[in-house]
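The values are calculated or read from the model by the stated rules, or taken from the named source; none is laboratory data. Quick caveat, the model's predicted, so the values are computed rather than measured. Methodologically, a virtual Cβ is constructed for each residue, glycine included, from the backbone with ideal geometry; neighbour enumeration extends over all protein chains shown.
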Amino acid sequence: MDRREQDILDWVRQETEEIDVPKKLEPENIRRMLEEKEVRERPGKKRRMYRFGFAAAACIAAAGLAVWQMPRAGYDETGSSPGGTAGAERGTEVEISGSKTIARADSYEQVYGYLEEYQKQLEEEEKRMMAEGGTASDLARGKEESVAIAEDSDMDTGMNGGASPYQKTETLAAGGAESASADYSETNVRQEGVDEGDIVKTDGRYLYVLEDNGREIAIVDTLDQGMKKAASVDAGSNNSIHEFYVVPGMKKLVVVGYQSGELLGKEMAGDSAYSNPHLSSTVAVTYDISDPLKPVEEGRVSQSGSYSSSRMVDGYLYMFSEFYVWNGNISPHEPRSYVPAVNGELIKESNIYLPPVSQANMYEIITAVDLKEPGKTKDSKAIFSKGGQVYVSGQNIYFYETEWQNSFFGSSTGCVTTIRKVSYKDGELEAKAQGKFDGYLNDSFSIDEYEGNLRVVTTDGDTNSVYVLDKELDIIGSIEDLAKDERVYSARFMGDVGYFVTFRETDPLFSVDLSDPKKPKIIGELKIPGFSEYLHFYGEDQLLGIGMNVDEETMITDGVKLTMFDISDKTDVKEADTYILENVYSTEVGYDYKAALVDPGRNIIGFAGYTEGGQNYYLFAYDKKDGFVCNMEEHINGNAMRSTRGVYIEDVIYVVQGNIIEAYSLEDYKKVDDLIL
Amino acid sequence: MRCDAKTFAQMYETVYMDLYRFALCMMRSRQDAEDAVSEAVMAAYENIGKLRDEKAFRNWIFTILSNICKRKLQDAARERSRSNEAYSLIRQDTPEEPDMGLAVDVRKAFFLLEEEEQTIVGLSVFGGYNSQEIGEALKLNPNTVRSKRSRALQKMECVLR
């Protein structure tokens, strides 16, 4: 969490500190009320209603404890008595299908069944939670424990092809290090060749900047190193832009965001997306920018839900949105109340991908748009789910979600990640396979596709694991029980080798040899203080880590830390140099990789850091002889909601924060110009 | 654990202010918040015998309360759609909003959020839980919690500015 987020939480805390708690809720009155209850309650009589507040008692009867008294079939059958005396492990909480095929829905009624099941599960959990008190690990489950283990027997199926060419060394590009130096920078992306939207982009001459109002994109001409706002694209007052793309080859600007109708006004009055699921939608609007001074709208598409992410590959936009079904409002006879729509039309049953468990409450909607026909959606699918994350490789979309095995705070007994793979090509989406593995993923850098296989590094309870899955998503190789009592902070894969950082006191950087996908093995481990939150390959045999330094005595983070790892010998990774920015207490790079400007070709490392005096922008260079050199440390004058971006065009870097753009020369690092939008 | 009203009240005393403030931000009216906390207390006390460790009390009752708030909000939404009346007639926010119990800007900031976002922010502030703990409680990936929290706080910042 960054400083600004912490500030808002602190603000809420401060603003609510003075709130008086009603007299009835004071401990003394609670005690009295409970004692009175005891007097009235006779042994053998389980429960009575007490007037307390005024609506409270009635509510208990209606929903809370009434459920308790009427154990349902399926709960009692399991033999797990509400008393929860059995301390034994009971396996996973929800049954996860062992099928390798993604199921499609036959009918909307079938879809509705999952929603009902989800609701039922919620109620049962509430009941069990109360039943089983402090033993979080017992919160559960009702399903036989063999579930997770049972299908392991077929894990080796489907593994034949694709075993040979693993020795092929991939270029640095695969790991995200663009060694070719363009004369302008591009958005730092997860997967080379798969573009991602952002809030600042450039085509080499114009800067495109999302303004602070979230509605307008300013087009700024940077000719002759000066800056001039030349034009703008206005999404209109009912829209809010999340990010956008500039595709110089096709002369297109693609804006993605959300369209809210009259939502804002209603939201303030207490209505919100959940009382009318189709009130707001995610939209993509394509503009022709043959003349950047006169953008012309060419078409728009929409889909239900709120924007979650998008990608751009080969002239196709792939857009993801999350559509949550609010149980309070649904009716089995009205599919519109629980089925998402694309351009106003409900998604067909057969395009809804059912989850590997029996419940769901949301959809991740994926659509594809051909930029040559930007008014049409070429393909659309809805992944029915309880909420997950997306990783997009060069060929496939992986949707992964975590099934927790208990619902208590701070007492995890482990979890399983389920994963569904949908291929994409030229705007066509196709279900490929599904699978699962133990543990959860730190972020999308912990999952990586290479040569058709998928490699993941996971944290499960107090240990970590590496798994390799084949193209059918069967686990073919694994290393378990790594780094006990630590968790993964960052990871990066390149070709046959994976690197990941775990942290408790020191920062072990592990290197994993994945050249035989059936037998991954740890080949190196380096312990240094602090931890890296972001890893980026930096030229040949070098890995850059950006993270925090930690004082080894007090265990307090005391500054942002840059580390260059020498990875020329994978079995003996060394710390080549470190640089600590003291009193810089966080950087956005830790949770937003697009905030990093890393270009080994031009030898530029740029990012913003928070200090007591506000935000600064830093530029570093690195070479083997001198190590890290800090070339620039400049105060950022903008102060907006969104994170800072550094973008360069030729020899000028533009630091963009909100509506303020500050330009510095990359030759002498002096300020060249600034512009307030 | 065995527990009489006095012991229960002692454990409750360590947590009740945070419980009430959390409920207030979720339910947005004094009465609804009070009802939610009362209900959580009743449910917890009924079942205290099954709590094995006093140390787990805070987490336990917070989880109970967040589920109760969630259910109450769902019931309200269901009721609203069933009766098909304007939300403003049913929700507690009459024009003068006499009984909100929350500062205007906090209220506005919370209004911008969806229920799940409210829960995440509320549990962060009043429960003091981190993204992993919240993920476990709400069945979300910690990374999802972080991104949802980040999005929620961005929305709230709109009101702050």
All but one of (1) at pLDDT 80 or above; (2) in contact with a Ser or Thr (Cβ under 8 Å, 6 or more places away or on another chain); (3) more than 30 Å from A:TYR400 (Cβ to Cβ) hold for B:ILE90; state the number of the condition that does not hold. (1)
Scan of the range A:641-668 for residues that are surrounded by 15 or more Cβ atoms within 10 Å (Cβ to Cβ) and in a loop (DSSP other than H, G, I, E, B), ordered by number: A:MET641, A:ARG642, A:SER643, A:THR644, A:GLY658, A:ASN659, A:LEU666
Tell me whether the range B:65-76 contains one or more residues that are at the interface with chain A (Cβ under 7 Å from one of its Cβ atoms) and outside any helix (DSSP H, G or I). no
Entirely in the range A:571-640, the strands (runs of 3 or more DSSP E) that have 1 or more residues that are closer than 30 Å to A:PRO520 by Cβ and polar (S, T, N, Q): A:574-582
Filter the range A:548-575 for residues that are surrounded by fewer than 19 Cβ atoms within 10 Å (Cβ to Cβ) and hydrophobic (A, V, I, L, M, F, W, C) and give the result. A:MET555, A:ILE556
For the structure I just gave you, tell me whether A:THR502 is modelled with pLDDT under 85 and surrounded by 21 or more Cβ atoms within 10 Å (Cβ to Cβ). yes
Restricting to the range B:13-56, count the residues that are more than 22 Å from B:ALA109 (Cα to Cα), more than 7 Å from chain A (Cβ to nearest Cβ) and modelled with pLDDT under 85. 4
Please give the number of the condition A:SER444 fails out of (1) surrounded by fewer than 22 Cβ atoms within 10 Å (Cβ to Cβ); (2) closer than 21 Å to A:GLN395 by Cα; (3) over 18 Å from the mean Cα position of the chain (by Cα). (3)
For the range B:118-161, enumerate the residues that are charged (D, E, K, R), buried (at least 23 other Cβ atoms within 10 Å of the Cβ) and more than 8 Å from chain A (Cβ to nearest Cβ). B:LYS148
Pairs only if they're at least six apart or on different chains, beta carbon under 6 angstrom, first in the range A:204-216 and over 22 Å from A:ASP291 (Cβ atoms) and of a type in the set (D, E, K, R), second surrounded by fewer than 19 Cβ atoms within 10 Å (Cβ to Cβ) and modelled with pLDDT of 90 or more; list them, first residue then second. A:ASP212/A:ASN659
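Yes/no per residue for (1) touching a residue at least 40 places away in the same chain (Cβ under 8 Å); (2) more than 26 Å from A:ASP221 (Cα to Cα):
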site	(1), (2)
A:VAL598	yes, no
A:GLY606	yes, no
A:GLY613	no, yes
A:PHE620	yes, yes
A:LYS624	yes, yes
A:GLU634	no, no
A:VAL656	yes, no
A:VAL672	yes, no
